[in-house]
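K.L.:
Submitted below is the structure of interest, expressed as structure tokens.
What follows is calculated from the coordinates using simple rules that are stated; it is not laboratory data. None of these values were measured; they are calculated from a predicted model. As a convention, Cβ positions derive from the backbone with ideal geometry for all residues, glycine included, and neighbour counts pool all protein chains shown.
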């Protein structure tokens, strides 16, 4: 792809997909198992879209480009993270940062449909999703020695 001007440098770098709306971006796909919208970080450009998946490339895009893991739009402060009580206790989340309103919608959807936090394995007694707000975060990429190969977000509280 060749850049034609300054506007190309400043344009958001989200993939364009078939069926796009007037702004050039498509509506979120529906999860076939739950019938709810799939967050940006849980979809793939050319394949599955499910609340049971986390697309590692999109998770990294959310971190480096500071875009919301739910709607894919640019982030501002405050940021919100949705995770399990265990993730909150470790201060290490796997789902990327969100707008606070997107976090509230995601948590409501998860609770209403009994869905685990995206990217987490459903466990009996896992409890309600936790929302943590902060102004900044650290993004930690896994090393080859890490048994859990998922990137981690550490909210700076």
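K.L.:
Averaging the inverse of every distinct alpha carbon separation and then flipping it gives the Kirkwood radius. What is it for the stretch 74-157, in angstrom units?
P.N.:
About 13.2 Å, per the Kirkwood formula over Cα pairs.
K.L.:
With N set to the number of residues, divide the alpha-carbon radius of gyration of the stretch 22-93 by 2.2 N^0.38 Å and report two decimals.
P.N.:
1.17
K.L.:
Let me ask something else. Would you please put 102-109, 131-138 in order of how densely packed they are, using the mean number of other Cβ atoms within 10 angstrom per residue and starting with the highest?
P.N.:
Listed from highest to lowest mean packing, they are 102-109, 131-138.
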